[in-house]
Amino acid sequence: MNRRNDDVGERDGWDSDSNSEWLIRCEQAAEHGSRTEICNDNEAMASEHRRCYEWVEALASPIRHALTEPTSPPMIPEYEDLVEIGRGGMGIVYRGLHRETHRVDAIKVLRPDRFGQHSRSRSNASSLLRQEAKLAARVAHESILPVYQVGEVDGCTWFSMQLVEGVSLHDRMKEGPLSPELASDIMERVARAVDAVHRQGILHGDIKPHNILLEGQSRRPWITDFGVAELANDTSSRLGIAGTPAYMAPELIQGIFPGLPSDGKPIERTIATDIYSLGATLWALLAGQSPCEAFGVGPVAMQRIAEGSQPWLPAKVVSIPEPLLRICKKCTALDPKDRYASAAEMADALSDWLNRPRWNRHFPRLRFLLQVMVAPSLLVSGVITWWLRQSNGAEAWVWASLVSPYVPLFLAFGLSRGHAAADVRAKRELWSMWIGHMLGSLSCLISLRLLCHPNADRATAMAYPILAGLSSAVFIAKSGNFWASYRWIGLAWAILAILFSLAPESNAIGFGVAAAITCIWIARGDRAFREHSSATTT
Amino acid sequence: MDENESVIDARIQRMRPILRTIAEAWMPPKLRSDLDASDLVQHTLLEAHQSADLLARLNEPQFSAWLHTALRHNFLDAVRRVNVLKSKGVGPISVSELEDSCLRLEELLVANDTSPSEVLERNEQSLRLLEAMQTLPERQRQAIIQKHLRGASLKQVAESLEISESAAAGLLHRGRMALVAILEKPES
């Protein structure tokens, strides 16, 4: 046998005859995980051997694991035809046919190659896998995979759940950023599922695109992997700081970098940490890259996130609508108190954005009509009514002139309704408000005319403050769900209502001018009319 | 050479020992006499230099992914060539199996955001381990790769290197001590 220089260890004495047998025993003991009993005849050297072995093994095992070929599936009595479909840090997921029901399920089995046959870590991992099954089974929601069965085979825990044929959002992101509509739709449903998880007193702890499956054509999202989930306020939790750094809240990252100030508060997972992960996931879908890809993966980037000094800017040039960027920022606020109080609140915000009025899309000419037809007709109507009243014109003409601008306004709205099915909540609300405004105005005008009979001029003089007051009510009501500036328009109309009462002779012109300005202000300012130019390029 | 070129050259050169360890770990013992890991790495780095403009625009994970993919293609090409040349003698080397292994390794090194929190340090440490292995003497390195990267037992290591078990145990222990000494030093 050819022995080379580095085969013998005379220089350090480790390979002398007296030590060679001992070294073999140490090596074999390390392989079988029973080092202490065998190697205690030379504790110092044994300790050094053990330390070096564990050092190298700890670093090498994930690499070896990465090189490992797929392991043969376990023999689970309840299932047949097991085929590996994925593997994670703790378990391997198989597709298998249930013998009794002939249903095809997904079966997650503890990784035998990662946790040794007799190691303590296997029993810990087994209990974590059982915990995962138990927690996932507690939540009944259309986007949470139902767990069917838990068992054990060859000392490895397994559980079966519904099989979903689809891709993870992480894989989907490789094709590029998701459209804002699709990303919001998915994340709204995910946020509602996470809210259901929270209402069961459970924290998921690892929301990220990898753990959300998108089912085939239906595009229904499924939350998977409750591997690091735990009960909120579970003081017996053995997980510590778990999760994925790229999607982990700053207060948890502070736990990885003990040097960072944590204000002396205990570092623990909360609903707010899950909401941070939801926001980071939404951002990743919109940006088409994970925060790690955008900010880097090193400790410096993580430290910046922990300190809140990392701007959320994607590395690629992508277009993220401003309202969605605001939702992401609210979710990922440094202070947990500044985030949404619940995942349901985030879902509501996304739902509002999805249901926003998009007049440019549904009725592209509405903006044009408001500026070119409605605003001038309001102005002309005001002038003509004022002139008719000044020149004692026939009453019928005064009323016709007063009401005439409502015709193009409601014609425009009527046409817009015809262009879009009434399936958007915002559209229905808007329509109801203006119908209410029209009916209210007409009934007030008729009532006024009857009350003031036979003084027609007094009735027309009183009409404008009432029309202004009704407009104020409509705009204030709209400000809640639409453009925030409607509240200022509403306030202005309330003031005008009073002013019109003080100057009844000229209120027709005042009304016409104010109404025309309002139309142009809305057409130019309301985001619903500027949808295509509202995306923020970052 | 301008500054950008020297930066990209330094990044490429830093990957040399890492890629060589990976190539050696991929190498089945029966192919070791037919394939030279250093040739594969040299060829890969040459391609990297030719694509320096592209690589300069990539971030670290993308950069690693590019190099690993190039090495994988070169490795699989080489395996195919050997299979053709020695179709009767080499026995079945499944290219798909090797490809699968390569992909998994890439996942480990590139997918920085897929694992629990320890992954922050782990990837860098894994790269340092692969790098440090190239500083070991040839036989120690082979023993360590067999044992810790291919999961061989002491007996299998001894058989693979055609030495006694006690010699293999000595090689392994000295190799590990050297690696720990390197890895415990703060990174320069």
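The values are calculated or read from the model by the stated rules, or taken from the named source; none is laboratory data. All values reported here derive from a predicted model rather than from experimental measurement. Here the Cβ positions follow ideal geometry from the backbone for every residue, glycine too, while neighbour counts run over all protein chains shown.
Does B:Glu99 meet the test of being at pLDDT below 75 and not aromatic (Phe, Trp, Tyr)? Don't jump to the end; show me each part of the working.
Numbers: at pLDDT below 75: yes; not aromatic (Phe, Trp, Tyr): yes.
When the stated conditions are applied, B:Glu99 passes them.
I'd like to verify a number: residues in the stretch B:138-183 that are more than 15 Å from A:Tyr53 (Cβ to Cβ), assigned to a helix (DSSP H, G or I), in contact with a helix residue (DSSP H, G or I) (Cβ under 8 Å, 6 or more places away or on another chain) and of a type in the set (D, E, K, R), how many?
Count: 5.
Taking helices (runs of 4 or more DSSP H) that do not extend beyond the stretch A:223-304, which have at least 2 residues that are touching a Gly at 6+ places or on another chain (Cβ under 7 Å) and modelled with pLDDT of 75 or more?
Numbers: elements: A:250-256, A:271-287, A:291-295.
Those helices (runs of 4 or more DSSP H) span A:250-256.
Based on what the data block shows, is A:Leu214 modelled with pLDDT under 65, of a type outside the set (D, E, K, R) and surrounded by fewer than 23 Cβ atoms within 10 Å (Cβ to Cβ)?
no
What residue, among those in the stretch A:15-62 that are surrounded by 13 or more Cβ atoms within 10 Å (Cβ to Cβ), of a type in the set (A, V, I, L, M) and more than 30 Å from B:Trp26 (Cβ to Cβ), is modelled with the lowest pLDDT?
A:Ile38
Looking at the stretch B:145-155, is at least one residue touching a residue at least 24 places away in the same chain (Cβ under 8 Å) and over 17 Å from A:Glu31 (Cα atoms)?
no
Exactly one condition in (1) within 9 Å of chain A (Cβ to nearest Cβ); (2) modelled with pLDDT of 50 or more; (3) surrounded by fewer than 22 Cβ atoms within 10 Å (Cβ to Cβ); (4) on the phi < 0 side of the Ramachandran plot is false for B:Leu179; which is it?
(3)
Which of the residues that make up the stretch A:447-496 are surrounded by 21 or more Cβ atoms within 10 Å (Cβ to Cβ), among the small types (Gly, Ala, Ser) and touching a residue at least 24 places away in the same chain (Cβ under 8 Å)?
Once the filter is applied, which keeps residues that are surrounded by 21 or more Cβ atoms within 10 Å (Cβ to Cβ), among the small types (Gly, Ala, Ser) and touching a residue at least 24 places away in the same chain (Cβ under 8 Å), the stretch A:447-496 yields A:Ala463, A:Ala468, A:Ser471.
Criterion first (crowded, with 19+ Cβ neighbours inside 10 Å, among the hydrophobic types (A, V, I, L, M, F, W, C) and farther than 25 Å from A:Asn355 by Cα) does A:Trp158 satisfy it?
It is true that A:Trp158 is crowded, with 19+ Cβ neighbours inside 10 Å, among the hydrophobic types (A, V, I, L, M, F, W, C) and farther than 25 Å from A:Asn355 by Cα.
Here is a check on your reading of the model: is A:Leu415 part of a helix (DSSP H, G or I) and either in contact with a Pro (Cβ under 7 Å, 6 or more places away or on another chain) or at pLDDT below 80 (or both)?
So A:Leu415 fits the description; yes.
Going by what's in this entry, would A:Gly201 be described as among the small types (Gly, Ala, Ser), modelled with pLDDT of 90 or more and surrounded by fewer than 17 Cβ atoms within 10 Å (Cβ to Cβ)?
The answer is yes for A:Gly201.
Does B:Ala143 satisfy the criteria of being within 7 Å of chain A (Cβ to nearest Cβ), at pLDDT 65 or above and buried (at least 16 other Cβ atoms within 10 Å of the Cβ)?
Values: within 7 Å of chain A (Cβ to nearest Cβ): no; at pLDDT 65 or above: yes; buried (at least 16 other Cβ atoms within 10 Å of the Cβ): yes.
Answer is no for this residue.
When you look at B:Ala70, is it buried (at least 16 other Cβ atoms within 10 Å of the Cβ) and modelled with pLDDT of 70 or more, yes or no?
So B:Ala70 passes the test.
Under 8 Å between Cβ atoms, which residue pairs at least 6 apart in sequence (or on different chains) link something in the stretch A:159-173 that is assigned to a strand (DSSP E or B) with a partner that is surrounded by fewer than 20 Cβ atoms within 10 Å (Cβ to Cβ) and basic (Lys, Arg)?
Pairs that qualify, where the first residue is assigned to a strand (DSSP E or B) and the partner is surrounded by fewer than 20 Cβ atoms within 10 Å (Cβ to Cβ) and basic (Lys, Arg), are A:Phe159/A:Arg130.
Taking A:Ile186 as the residue in question, decide whether it is within 14 Å of chain B (Cβ to nearest Cβ), modelled with pLDDT of 90 or more, buried (at least 24 other Cβ atoms within 10 Å of the Cβ) and more than 20 Å from A:Lys337 (Cβ to Cβ).
Working: within 14 Å of chain B (Cβ to nearest Cβ): no; modelled with pLDDT of 90 or more: yes; buried (at least 24 other Cβ atoms within 10 Å of the Cβ): yes; more than 20 Å from A:Lys337 (Cβ to Cβ): yes.
It is false that A:Ile186 is within 14 Å of chain B (Cβ to nearest Cβ), modelled with pLDDT of 90 or more, buried (at least 24 other Cβ atoms within 10 Å of the Cβ) and more than 20 Å from A:Lys337 (Cβ to Cβ).
This table checks each residue for (1) in a loop (DSSP other than H, G, I, E, B); (2) within 18 Å of the chain's Cα centre (by Cα); (3) at pLDDT 90 or above; (4) crowded, with 17+ Cβ neighbours inside 10 Å.
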residue	(1), (2), (3), (4)
A:Ser309	yes, no, no, no
A:Trp312	yes, yes, no, yes
A:Met346	no, yes, yes, yes
A:Arg367	no, no, no, yes
A:Leu379	no, no, yes, yes
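Of the conditions (1) of a type in the set (Asp, Glu); (2) modelled with pLDDT under 85; (3) buried (at least 20 other Cβ atoms within 10 Å of the Cβ), A:Asp195 satisfies every one except a single condition; which number is it?
It fails just one condition, (2).
Find the helices (runs of 4 or more DSSP H) located wholly in the stretch A:438-538 whose residues include 2 or more that are more than 20 Å from A:Pro376 (Cα to Cα) and either under 38 Å from the mean Cα position of the chain (by Cα) or of a type in the set (D, E, K, R) (or both), and list them.
A:456-481, A:486-502
Taking the stretch A:157-201, which residues are among the aliphatic types (A, V, I, L, M) and touching a Gly at 6+ places or on another chain (Cβ under 7 Å)?
A:Met173 - this is the single residue of the stretch A:157-201 that is among the aliphatic types (A, V, I, L, M) and touching a Gly at 6+ places or on another chain (Cβ under 7 Å).
Given the residues A:Ala535, A:Ala523, A:Ala484, which is the only one that is within 21 Å of A:Arg367 (Cβ to Cβ), at pLDDT below 90 and not assigned by TED's automatic domain parsing to the domain that holds A:Trp386? Before you say what the answer is, go through the steps one by one.
Values: A:Ala523 fails: not assigned by TED's automatic domain parsing to the domain that holds A:Trp386; A:Ala484 fails: not assigned by TED's automatic domain parsing to the domain that holds A:Trp386.
Step by step, each of A:Ala535, A:Ala523, A:Ala484 is checked, and only A:Ala535 is within 21 Å of A:Arg367 (Cβ to Cβ), at pLDDT below 90 and not assigned by TED's automatic domain parsing to the domain that holds A:Trp386.
Within the stretch B:156-173, which residues are more than 9 Å from chain A (Cβ to nearest Cβ) and surrounded by fewer than 21 Cβ atoms within 10 Å (Cβ to Cβ)?
Of everything in the stretch B:156-173, those that are more than 9 Å from chain A (Cβ to nearest Cβ) and surrounded by fewer than 21 Cβ atoms within 10 Å (Cβ to Cβ) turn out to be B:Gln156, B:Glu159, B:Ser160.
Scanning the stretch B:28-48 for residues that are touching a residue at least 24 places away in the same chain (Cβ under 8 Å) and outside any helix (DSSP H, G or I), which turns out nearest to B:Arg128 (Cα to Cα)?
Going through the qualifying residues, I end up with B:Pro28.
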